[in-house]
Amino acid sequence: MPDSAPHQLLHLVIGGELTGLEQTTFKDLSQVEIVGLFPNYAAAYTAWKAKAQQTVDNAHMRYFIVHLHRLLDPSQDAKPAR
């Protein structure tokens, strides 16, 4: 079977209420929402933006895009040799 699937750069979108505006500590980990897993940044950004706009009235509510592809293949972040 030929490998014709497009290259995936996996991204995860999560969010929840934070303990404060200056931190990225969730108030209650059991309430963290997993929005979804996406094959590229553009799709993750679209989902992130939609969730962020739904919660715009709550300043402590934040959504994040996690670049899973960087965790799966850390060499992608390697700086070029100078």
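Any idea of the accessible area per residue across region 2-64, 1.4 Å probe, to the nearest Å²?
Numbers: 4470 Å² over 63 residues.
Ligands and nucleic acids excluded, the figure is 71 Å² per residue.
Among 21-31, 52-62, 35-45, how do they line up from the highest to the lowest mean number of other beta-carbon atoms within 10 Å? Provide the component values of the computation, followed by the final result.
Numbers: 21-31: 9.6, 52-62: 12.3, 35-45: 15.7.
Per-residue Cβ counts within 10 Å, averaged per peptide and sorted highest first, yield 35-45, 52-62, 21-31.
The values are calculated or read from the model by the stated rules, or taken from the named source; none is laboratory data. The structure presented is a predicted model; accordingly, all values stated were derived computationally and were not measured. Quick reminder, even Gly has a Cβ in these numbers, built from the backbone with ideal geometry, and neighbours come from all protein chains shown. Ligands, DNA and RNA are stripped out before the accessible areas are found, and what is left, the full protein with its side chains, is counted by its heavy atoms. Shrake-Rupley method; radii C 1.70, N 1.55, O 1.52, S 1.80 Å.
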